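The values are calculated or read from the model by the stated rules, or taken from the named source; none is laboratory data. For clarity, every value in this text was computed on a predicted model and none was experimentally measured. With ideal geometry, Cβ positions are generated from the backbone for all residues, glycine too; neighbour counts draw on all protein chains shown.
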């Protein structure tokens, strides 16, 4: 028998997909000369309607509003009476990625001795402690804040950095934070319906994230040093495979990925880099493939918690694209020049 709660939330979230900013909207934004013209182009979308009556004059204004919109949509979905508990469980575990981002930003702020920007989403934000995190003066301040927010799982990742605040220790701490996040996500996937699909999607995402890190490191000439900073739990790239890739020449990476879904991606990265000599093409290409693989795995899933996972990814991509587009407009950069960086 179909669960009426899943029937409702699936229909609701699929209906939300029809209101997002599309590639057609982005194409039309190419002719916009200022923020107001660009906002008119997307006014019929859900996010455009949200932004229409808000005072946005600078990129900082629009950036704050975009993150506010995402937080508002998440709160709204979670506040609905009908979603099954699995929907909220998955949503809250997934959104811990923003807490991880903010903790890393706080570590950067401590190193640089300056206040850093935070994303207003996550457990720390919900506990009204984001400003305190941004103003943290040392690792002890962050640890105390995590304990207060009942995020003790992530404290261990910071202990080593606390003892030795070297660049290597900071990178290892960031890796441990990522590892704990993905470990918790995998644990959640084991406790929900269709969790095997989500677990595989997570493994693919980890693989591509590691491939992105390794490829950039090879280009920078530090490939052999990067293996210990890889995220654990990949689907096909793990252990010795990570070490082998890290010690490779860039031209050899596609061959070493033969028999995996990533060989074609590695060839695309190699070709683009050899043509442009621009390291940013690595992230540009791999981010698009992360989205493509997630779409293949999740977008057609209905009547399960995975409908929420896909909705969150889709809204994140919408925010990412709009931030890039609005920033280009404000800086006077033709949108055509940044189109390759958009995930459409």
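Taking the stated definitions as given, is residue 297 surrounded by 19 or more Cβ atoms within 10 Å (Cβ to Cβ), within 30 Å of residue 62 (Cβ to Cβ), touching a helix residue (DSSP H, G or I) at 6+ places or on another chain (Cβ under 6 Å) and in contact (Cβ under 8 Å) with a residue 12 or more places away in the chain?
Considered against the rule, which asks whether it is surrounded by 19 or more Cβ atoms within 10 Å (Cβ to Cβ), within 30 Å of residue 62 (Cβ to Cβ), touching a helix residue (DSSP H, G or I) at 6+ places or on another chain (Cβ under 6 Å) and in contact (Cβ under 8 Å) with a residue 12 or more places away in the chain, residue 297 comes out as no.
Looking only at region 181-198, filter to residues that are in a helix (DSSP H, G or I) and buried (at least 19 other Cβ atoms within 10 Å of the Cβ); which one of those is farthest from the chain's Cα centre (by Cα)?
Residues of region 181-198 in a helix (DSSP H, G or I): 181-189, 195-198.
Remaining after also requiring buried (at least 19 other Cβ atoms within 10 Å of the Cβ): 181-182, 185, 188-189, 195, 198.
Numbers: 181: 12, 182: 12, 185: 14, 188: 18, 189: 18, 195: 20, 198: 16 Å.
The selected residue is 195.
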(Q) Being exposed (fewer than 13 other Cβ atoms within 10 Å of the Cβ) and either part of a helix (DSSP H, G or I) or on the phi > 0 side of the Ramachandran plot (or both) is the filter here; which residues of region 275-286 pass it? (A) 275, 276, 277
**Q.** Positions within region 77-115 being at pLDDT below 90 and under 20 Å from residue 12 (Cβ atoms), in sequence order
**A.** 78, 79, 80, 81, 82, 83, 84, 85
Q: State all residues of region 86-112 that are more than 23 Å from residue 141 (Cβ to Cβ) and more than 12 Å from the chain's Cα centre (by Cα); if no residue qualifies, say none.
A: 86, 87, 88, 89, 90, 91, 92, 93
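Would you point out which residue out of 211, 202 is in contact with a helix residue (DSSP H, G or I) (Cβ under 6 Å, 6 or more places away or on another chain) and surrounded by 20 or more Cβ atoms within 10 Å (Cβ to Cβ)? Walk me through how you get there before you give the answer.
Values: 211 fails: in contact with a helix residue (DSSP H, G or I) (Cβ under 6 Å, 6 or more places away or on another chain).
Of the residues listed, the single one that is in contact with a helix residue (DSSP H, G or I) (Cβ under 6 Å, 6 or more places away or on another chain) and surrounded by 20 or more Cβ atoms within 10 Å (Cβ to Cβ) is 202.
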(Q) Just to check your reading of the model, which residue among 55, 83 is within 27 Å of residue 202 (Cα to Cα) and more than 21 Å from the chain's Cα centre (by Cα)? (A) 83
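Could you tell me whether region 307-314 includes any residue that is over 20 Å from residue 85 (Cα atoms) and either in contact with a strand residue (DSSP E or B) (Cβ under 6 Å, 6 or more places away or on another chain) or at pLDDT 95 or above (or both)?
Pass one, region 307-314, residues over 20 Å from residue 85 (Cα atoms): 314.
The next check asks that each one be either in contact with a strand residue (DSSP E or B) (Cβ under 6 Å, 6 or more places away or on another chain) or at pLDDT 95 or above (or both); those that pass are 314.
Within region 307-314, one or more residues are over 20 Å from residue 85 (Cα atoms) and either in contact with a strand residue (DSSP E or B) (Cβ under 6 Å, 6 or more places away or on another chain) or at pLDDT 95 or above (or both).
This table checks each residue for (1) within 29 Å of residue 203 (Cβ to Cβ); (2) out of contact with any helix residue (DSSP H, G or I) (no Cβ under 6 Å at 6 or more places or on another chain).
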site: 91; (1), (2): yes, no
site: 128; (1), (2): no, yes
site: 135; (1), (2): no, yes
site: 141; (1), (2): no, yes
site: 149; (1), (2): yes, no
site: 156; (1), (2): yes, yes
site: 168; (1), (2): yes, yes
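Please go through region 304-324 and give me each residue that is more than 30 Å from residue 4 (Cα to Cα) and surrounded by fewer than 24 Cβ atoms within 10 Å (Cβ to Cβ), ordered by number. Give the steps one after another, and end with the answer.
Going residue by residue through region 304-324, those that are more than 30 Å from residue 4 (Cα to Cα) are 319-324.
319, 320, 321, 323, 324 - these are the residues of region 304-324 that are more than 30 Å from residue 4 (Cα to Cα) and surrounded by fewer than 24 Cβ atoms within 10 Å (Cβ to Cβ).
For (1) in contact with a strand residue (DSSP E or B) (Cβ under 7 Å, 6 or more places away or on another chain); (2) assigned to a loop (DSSP other than H, G, I, E, B); (3) closer than 30 Å to residue 33 by Cα, each residue gets a yes or a no:
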position: 269; (1), (2), (3): no, no, no
position: 297; (1), (2), (3): no, no, no
position: 316; (1), (2), (3): no, no, yes
position: 326; (1), (2), (3): no, no, yes
position: 333; (1), (2), (3): no, yes, yes
position: 339; (1), (2), (3): no, no, yes
Q: Kindly indicate the residue of region 259-274 that is surrounded by fewer than 13 Cβ atoms within 10 Å (Cβ to Cβ) and at pLDDT 95 or above and also nearest to the chain's Cα centre (by Cα) among those meeting that condition.
A: 264
Q: Taking only region 5-27 into account, find how many residues are crowded, with 17+ Cβ neighbours inside 10 Å, touching a residue at least 40 places away in the same chain (Cβ under 8 Å) and in a helix (DSSP H, G or I).
A: 6
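Given 62, 100, 87, 74, which one is more than 24 Å from residue 305 (Cα to Cα), part of a helix (DSSP H, G or I) and in contact with a helix residue (DSSP H, G or I) (Cβ under 8 Å, 6 or more places away or on another chain)?
Exactly one of 62, 100, 87, 74 is more than 24 Å from residue 305 (Cα to Cα), part of a helix (DSSP H, G or I) and in contact with a helix residue (DSSP H, G or I) (Cβ under 8 Å, 6 or more places away or on another chain), namely 62.
Do we have residue 248 as farther than 30 Å from residue 6 by Cβ and in a helix (DSSP H, G or I) here?
Numbers: farther than 30 Å from residue 6 by Cβ: yes; in a helix (DSSP H, G or I): no.
Here the answer is no, as residue 248 does not meet what is asked.
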(Q) Looking at residue 137 and the list (1) part of a loop (DSSP other than H, G, I, E, B); (2) modelled with pLDDT of 90 or more; (3) crowded, with 16+ Cβ neighbours inside 10 Å, which single condition is not satisfied? (A) (3)
